[in-house]
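Remarks on the structure that follows.
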Amino acid sequence: MSQEQVYIALISSLLSGLVGIFISSWFYARLERRKLKTETARKLFANRHDMHGQGFHEAMNEIMIAFSDSQKVIDLIEGLFKVVETPIHARSEKAADEALIMLMKGICKDIGIEYKTLPDSYYLKFFSMPR
């Protein structure tokens, strides 16, 4: 084996390892971002029954970070903030519910969860046991 062949083998081995590390890191980062988005969505949906509770507030605050790469979701949460900041007497009765439903649909679409057959009213329904 000549010295040139050794160099070619060495360089190609190093390059293939570096390319493998880069691709693995890229896929791992995508997976972690998706897991963060899914966990935030799960927290939002799980706590939607108590909009004044800590869990719901945590989920709403996490959305700004978890979905920072999705302008559509950011626009939807800004729209929800505008509705909530409007005095109750100056907005329609269902405006906050509609804005929340739009946000939840936007989050579902961003993380790839299908919702086509689910009526809008189901986004605000929840199960609870009587005490």
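What the table shows:
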quantity: Number of the exception - Leu103 against (1) over 20 Å from Arg33 (Cα atoms); (2) aliphatic (A, V, I, L, M); (3) surrounded by 12 or more Cβ atoms within 10 Å (Cβ to Cβ); calculated: (1)
quantity: Every residue from the stretch 96-126 that is assigned to a loop (DSSP other than H, G, I, E, B) and among the charged types (D, E, K, R); calculated: Glu114, Lys116, Lys125
quantity: Within the stretch 27-53, considering residues that are surrounded by 12 or more Cβ atoms within 10 Å (Cβ to Cβ) and among the hydroxyl-bearing types (Ser, Thr, Tyr), the one farthest from Leu76 (Cα to Cα); calculated: Thr38
quantity: Enumeration of residues in the stretch 59-77 that are more than 9 Å from Thr40 (Cα to Cα), among the β-branched types (Val, Ile, Thr) and surrounded by 14 or more Cβ atoms within 10 Å (Cβ to Cβ); calculated: Val73, Ile74, Ile77
quantity: Members of the stretch 83-95 that are in a helix (DSSP H, G or I) and surrounded by 12 or more Cβ atoms within 10 Å (Cβ to Cβ); calculated: Val83, Val84, Ala95
quantity: Phe56, sole failed condition from (1) assigned to a helix (DSSP H, G or I); (2) loosely packed, with under 13 Cβ neighbours inside 10 Å; (3) over 12 Å from the mean Cα position of the chain (by Cα); (4) not charged (D, E, K, R); calculated: (2)
quantity: Matching residues, the stretch 50-68, being within 16 Å of Thr38 (Cβ to Cβ) and charged (D, E, K, R); calculated: Glu58, Glu62
quantity: Unmet criterion (only one of (1) within 25 Å of Leu31 (Cα to Cα); (2) touching a Phe, Trp or Tyr at 6+ places or on another chain (Cβ under 9 Å); (3) of a type outside the set (A, V, I, L, M)) for Arg48; calculated: (1)
quantity: Filtered residue count, the stretch 27-62, keeping only those that are among the hydroxyl-bearing types (Ser, Thr, Tyr) and in contact with a Ser or Thr (Cβ under 7 Å, 6 or more places away or on another chain); calculated: 0
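Here is a yes/no grid of residues against (1) in contact with a helix residue (DSSP H, G or I) (Cβ under 8 Å, 6 or more places away or on another chain); (2) in contact (Cβ under 8 Å) with a residue 12 or more places away in the chain:
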position	(1), (2)
Tyr7	no, no
Ile23	no, no
His49	no, yes
Ala59	yes, yes
Phe67	yes, yes
Val73	yes, yes
Phe81	no, no
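No lab work stands behind these numbers, since they all come straight from the coordinates. These figures come from a predicted structure and were not determined experimentally. So basically every Cβ, Gly included, is an ideal-geometry build from the backbone, and we count neighbours across all protein chains shown.
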